[in-house]
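The values are calculated or read from the model by the stated rules, or taken from the named source; none is laboratory data. These numbers come from a predicted model, not from an experiment. Positions of Cβ are backbone-derived with ideal geometry, glycine not excepted, and every protein chain shown enters the neighbour counts. Ligands, DNA and RNA are stripped out before the accessible areas are found, and what is left, the full protein with its side chains, is counted by its heavy atoms. Shrake-Rupley method; radii C 1.70, N 1.55, O 1.52, S 1.80 Å.
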Amino acid sequence: MKKIISVLLVVLFFSSCSEYQEALKKEDVAVKFEVGTKLFEQGKYSKAIRLFEQLAPSYRGKPQGEKLFYMYSQSLYKTKQYYLAGYQFDSFNSGYPKSEKAEECSYLGAKSYAMLSPVYSIDQTDTFKAIEKVQGFIDRYPNSQYITEANEISKKLNEKIERKVYENAFEYYRIGNYKSALIAFDNFIADYPGTSYKEKALYYKLDAAYLLAINSIVIKMQDRLITAKTCYNNLVKFKPNTEFKSKADDKLAKIDEELQKFNK
C-alpha cells in the first residue's frame, strides 16, 4: 500500500510540474489563470508569481483582474518580496478601491513597507515611508480588525526613528562637538518629550555644556557655566533620583567652583 501511495505522489508531482510548464508556454490566458490560481491555493507562490507576471498586462485595469492582482500581491508578500508586494498592494487599492479585499490589502501593503525598515543605525528613509503608510491605514480604517497590530507596528517604527535621532545627538557628544551636541539634544527633547531616552539626553546635555564651558575662552566661560548649571537643574527636576546623580553632583560642584572665580 505504501508503495502505491508513493507512486501516486510521484505521478501527481510530475503531472503538476508538467501542467505548470505547459501553462508557462501557452498563450491562452485562461489556462494560465487556472493553473496560477491552483498553485496559489496550494501555497506554491513562487511558481504562481511567474504565471501572474505573464497575466498582469492582460488583466490590468479590468474587473476580472481583481482576483489576479490580489493573488499576485499576496504571493509576493508570502515570498517576502516586500518592496514588490508593497507596490502591488498599493496598485491593487488604486485599481479596485471598492473591493472587499481593500482593507486587507491596505494593511498588508503598509506592513510590507514596515518590513523594509532597516536597523536604526543606518539611513531611515524606508522607515519614514513605512510610518506614512501605516498611519494612512490607521486613519482610513480606525475600526479595522488589524488596528491593534497596525498601532503596534507604528509604535515600533516611531521608536526606531526616536532612537536614531537620540544616537545622532549622542554622536556629536561622543566626538567632542559639544556645541552641536547641545543643539541636537535640545531638539531631541523638544521633539520627543515623552521619550524613554530623556534622562540620558538631559545628562549628556549637562556634560556637553560643562565640557564646552571649561574648554572655552574666558570671555565665554561664565555664561556657558551658567548654562551648564541650568542643565543640571533640568536633569534633577525631571528625575531627582536619576542614575546619573553622583556624576551630575560632581559636575555641579566643579561648575560652582569655577563660577566663584568670576565673583571674586
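A few notes on this one:
- When each of Ala110, Ala190, Ala181, Ala209 is tested for being among the hydrophobic types (A, V, I, L, M, F, W, C) and more than 30 Å from Lys251 (Cβ to Cβ), the lone residue that passes is Ala110.
- Answer residue from the stretch 100-117, given it is open to solvent by 30 Å² or more (accessible area, probe 1.4 Å) and not acidic (Asp, Glu) and is farthest from the chain's Cα centre (by Cα) among those: Lys101
- Filter result (in contact with a Gly (Cβ under 9 Å, 6 or more places away or on another chain), assigned to a helix (DSSP H, G or I) and hydroxyl-bearing (Ser, Thr, Tyr)) within the stretch 92-117: Ser106, Ser112, Tyr113
- Of all residues in the stretch 120-141, those that are over 10 Å from Leu157 (Cα atoms) have Cβ atoms under 8 Å from Cβ atoms of residues that are open to solvent by 60 Å² or more (accessible area, probe 1.4 Å) and in a helix (DSSP H, G or I), 6 or more apart or on another chain, in Ile138/Asn151.
- Selection over the stretch 74-99 of residues that are under 20 Å from the mean Cα position of the chain (by Cα) and of a type outside the set (D, E, K, R) gives a count of 12.
- All positions within the stretch 44-64 that are at pLDDT below 95, under 31 Å from the mean Cα position of the chain (by Cα) and assigned to a helix (DSSP H, G or I): Ala56
- In the stretch 177-190, the residues that are in contact (Cβ under 8 Å) with a residue 24 or more places away in the chain and either part of a loop (DSSP other than H, G, I, E, B) or of a type in the set (Gly, Ala, Ser) (or both): Ala181
- Meets criteria (under 30 Å from Glu53 (Cα atoms) and either charged (D, E, K, R) or open to solvent by less than 40 Å² (accessible area, probe 1.4 Å) (or both)) for Ala169: no
- Matching residues in the stretch 237-257 - criterion: being buried (at least 18 other Cβ atoms within 10 Å of the Cβ) and in a helix (DSSP H, G or I): Ala248, Lys251, Leu252, Ile255
- Listed by first and then second residue, the pairs with beta-carbon distance under 7 Å, at least 6 apart or on different chains, first residue in the stretch 225-247 and touching a residue at least 40 places away in the same chain (Cβ under 8 Å), second basic (Lys, Arg) and assigned to a helix (DSSP H, G or I), are Phe238/Lys198.
- Lone unmet requirement of (1) open to solvent by 20 Å² or more (accessible area, probe 1.4 Å); (2) outside any loop (DSSP other than H, G, I, E, B) for Ser121: (2)
- Picking from residues in the stretch 132-146 that are assigned to a helix (DSSP H, G or I) and open to solvent by less than 30 Å² (accessible area, probe 1.4 Å), the one that is nearest to Tyr82 (Cα to Cα) is Val134.
- Filtering the stretch 174-221 to residues that are touching a helix residue (DSSP H, G or I) at 6+ places or on another chain (Cβ under 6 Å), open to solvent by 30 Å² or more (accessible area, probe 1.4 Å) and among the small types (Gly, Ala, Ser) leaves only Ser180.
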